[in-house]
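What follows is a single structure, and I will ask about it in a moment.
Bear in mind these aren't lab numbers, they're just calculated from the coordinates by the rules spelled out. Treat the numbers as computed from the prediction; the structure is a model and nothing was measured. Please note: Cβ atoms are built from the backbone with ideal geometry, for glycine as well, and neighbour counts cover all protein chains shown.
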Amino acid sequence: MAKPARIFSLDLGMQTVSLAEFHRLPDGGLSLHAFGESGLIADPSADATRSAQIKEAVEQLRRELHVPAKSPVNLSLPAQSVFSRFVKLPGTEADDVSAIIAFEAQQNVPFPIDEVTWDYQIMGAQRDGNWDVALVAIKSDQLVEVSESVAAGGLNPNVIDVAPMALFNAFRYSYPEASGCSLLIDLGARTTNLVFVEDARVFSRSIPVGGSTISAAVAKEFKQDITVAERLKIEKGSVSLGGAYAEPSDPTEARIAKVVRNTMTRLHAEIARSISFYRTSQGGSQPVRAFLCGGTVALPYTVEFFSEKLQVPIEFFNPLKNVTVTNSDVADSLAAKAQTVGELVGVAVRALDNCPIEINLRPDSIIREQDLSRRKPFLLVASLCLLLALGAWWLYFDRMRTITDEVGEGVNADVSKLEKLAGEMDKIAAEQKKLESTVAPLLLAASERTAWVGILDDLGARLPERYIWITELTPITSGGKSVAGDKTAAGPARPGQPTAAAPAASGPSAIIALEIKGLYLDNPPNEKEARIIDEFVENLKASPVFNLPDDKAKIITQRTTRTGESWAYGYTLVLPLRTPIPLP
């Protein structure tokens, strides 16, 4: 029997990185063979080093689990690092969604669409003439940073999922018989993710209350730093039952229990509001059961607290319910915390057939690399054909060299005759060069006379027709001065202004850039006027007259914020010239 395919899953939590090895079974199921986890620094002030921490954690786990370097891995991103929207789109067929989803993404994602990586999934069948669609996006630079950290740790991202969608896949794999609306409450380190599962539909919401919120409250109560508070929470933390229940005999445990209950009560209020929003805005049903997962649910009496508050059956989520655990050590280590590996199981399910949700946020660089890997066999064949062709050409040129040598002997006799003629032509060329040096200043003077006409014509041609005006144009010299004298050579250049390091014409000074000031319209207010300056700059980038940098911040040095109190607002652009204009 063929060896089962190895599936590597990676969960990048805010406080824990987990790696697991699954195998695909012949019957289409999963078996868990290895598991490991590594903690990250709990203090949010250490987030600047998160990339380095992820790299070290991935490398450590890969070696502990004996995962080969460069192995493909399915990974899950924390919910707070992505932007999720659940929208209803019209259409007769599911294919109709593809025609309008790009426009919908532009309307819902709060970033320029060319700065994010996004994907979508149609959930279930059409309802009331609309399709339920999950839309997920992440800033591209943030995604590339995470991907590069994982790759630096020795693993190649294959599927990049997000935690709520991975939990949905894990739930459907582990509880296929569940009907009605189920609510997964994932209490993570920084946030609590609510995942509503109802048939083939999913809805998620992230609440900014998690384990670190409890730790911060404990730190405030005991006037300790966050690291000490985290240890106190783990060692002595529990959820106070309240009411007539007796408090813990240890005063420290009693104080922590009350702090935890206060935070949990605030979390329950947010959960209640989310349930109401799901029912009213998404057309969902009241949850008939709830499952707890995530690291923070390990606090004692968490189940009892949510049972009291939600008044529905509560249990720990078991994503390993339908997973065969082949390693006894792994089974023992996960016996008390199986609820924390839902994301690992969810991204492992992506390697199986008929996975419910298949959102993938791979950056373009990974897509190109994977396409190249698939094409490698064809490239090898093409390379072999190229080598054979080069060999044939070598034989051909070797024969041609022999023939050329024979013909060359007869040509050498003619060369000596032509060398004498070449000497005479060199004299003529020298005289021509002398004449050209005499004429060059005259040609330059003629071109400088028409330079400003060409600059103003090009500037006017690229100015948008409406909503924007140019009110002032100031030349800037290579020494950082304006021609009007508003700058000194020793003074600092304004942001984006060319300095003495920029290319300049020969001579003591030259005009190397133009500073343009003007107004843009704010009546009536809409997005058109707000972006008219960016449109102007994009038009100028195609100009043969100006040489604009890629960074818009170096071009747009001022853009007055619109307040609605004036009919127009000012802006300032610095436009370097491709060809500097010498000053007399």
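Once Lys and Arg get +1 and Asp and Glu get -1 on their Cβ, which of THR438, SER276, ASN158 lies farthest toward the positive end of the dipole of the chain?
SER276
In what sequence, highest mean first, do 52-62, 115-125 appear when ranked by Cβ atoms within 10 angstrom?
Highest mean packing first, the order is 52-62, 115-125.
For the range 176-320, what Kirkwood radius comes out of the mean inverse Cα-Cα distance, in Å?
15.8 Å
Further, regarding this structure: So how far, in whole Å, is the C-alpha centre of the range 239-304 from the one of the range 319-357?
About 25 Å separates the Cα centre of the range 239-304 from the one of the range 319-357.
Return ILE256, ILE428 ranked ascending by Cβ neighbour count within 10 Å, so the fewest neighbours appear first.
Neighbour counts put them in this order, fewest first: ILE428, ILE256.
Got a sec? How would ASP364, ASP199 order by Cβ neighbour count within 10 Å, fewest to most?
Ranked by crowding around the Cβ, least crowded first: ASP364, ASP199.
As a test, work out the antiparallel percent of DSSP beta bridges whose residues both lie in the range 176-320, rounded to the nearest 5.
Of the beta bridges lying entirely in the range 176-320, close to 65 percent run antiparallel.
Same structure, new question: Within a 10 angstrom radius of the beta carbon, how do VAL453, VAL87 rank from fewest other beta carbons to most?
Ranked by crowding around the Cβ, least crowded first: VAL453, VAL87.
Quick one: which residues, 5 or more positions from GLN15 or on another chain, have an amide H under 5 Å from its amide H? H modelled 1.01 Å from N in the peptide plane, none for Pro or chain starts.
Correct list: ALA189.
Sequence-distant or interchain residues sharing an amide H contact under 5 Å with THR477, placed H: which?
Residues meeting the criterion, in which the H sits 1.01 Å from N, are SER482, VAL483, ILE512.
Give me the compactness ratio for the range 1-122, meaning the Cα radius of gyration over 2.2 N^0.38 Å.
1.40
Within the set LYS55/LYS321; LYS481/LYS552; LYS220/LYS258; LYS517/LYS554, which residue pairs have Cα atoms separated by over 20 Å?
LYS55/LYS321; LYS481/LYS552
To one decimal place, what orientation-averaged projected area in nm² is obtained for the convex hull of the Cα set of the chain?
44.7 nm²
Which ³J(HN,Hα) values in Hz, rounded to whole numbers, follow from the phi angles of the range 293-301 under the Karplus curve 6.51 cos²θ - 1.76 cosθ + 1.60, where θ = phi - 60° and Gly and Pro get x?
Once rounded to whole Hz, the list reads 8, x, x, 6, 6, 6, 4, x, 6.
Tell me, how many Å apart are the Cα centres for the range 47-105 and for the range 132-196?
Value for the Cα centre distance between the two parts: 7 Å.
With θ set to phi - 60° and the Karplus curve 6.51 cos²θ - 1.76 cosθ + 1.60, what are the ³J(HN,Hα) couplings of the range 565-571 in order, to the nearest whole Hz, using x for Gly and Pro?
Residue by residue, the range 565-571 yields 9, 9, 7, 8, 9, x, 8 Hz.
Further, regarding this structure: Find which of PRO313, LEU388, PRO363 sits farthest along the positive direction of the dipole of the range 310-421, computed with +1 on the beta-carbon of Lys and Arg, -1 on that of Asp and Glu, about the Cα centre.
PRO313
Where both partners of a DSSP beta bridge lie in the chain, what percent of those bridges are antiparallel, to the nearest 5?
75 percent
To continue, here is another question. Return the aspartates and glutamates within reach of LYS236: Cα separation strictly under 20 angstrom, same-chain partners fewer than 8 residues apart disregarded; answer none if there are no such residues.
Cross-link targets: ASP43, GLU221, ASP225, GLU247, ASP250, GLU253, GLU304.
Give the cross-link partners of LYS434 among the lysines, using a straight C-alpha distance below 29 Å as the criterion and excluding same-chain residues fewer than 8 apart.
Answer for LYS434, where 29 Å is the Cα cut-off: LYS417, LYS420, listed by chain and number.
I've got another one for you. For THR471 and GLU148, calculate 0.36 nm times their separation in residues minus their Cα-Cα distance, and state this gained length in nm to one decimal.
Residue separation times 0.36 nm, minus the Cα-Cα distance, leaves 111.6 nm.
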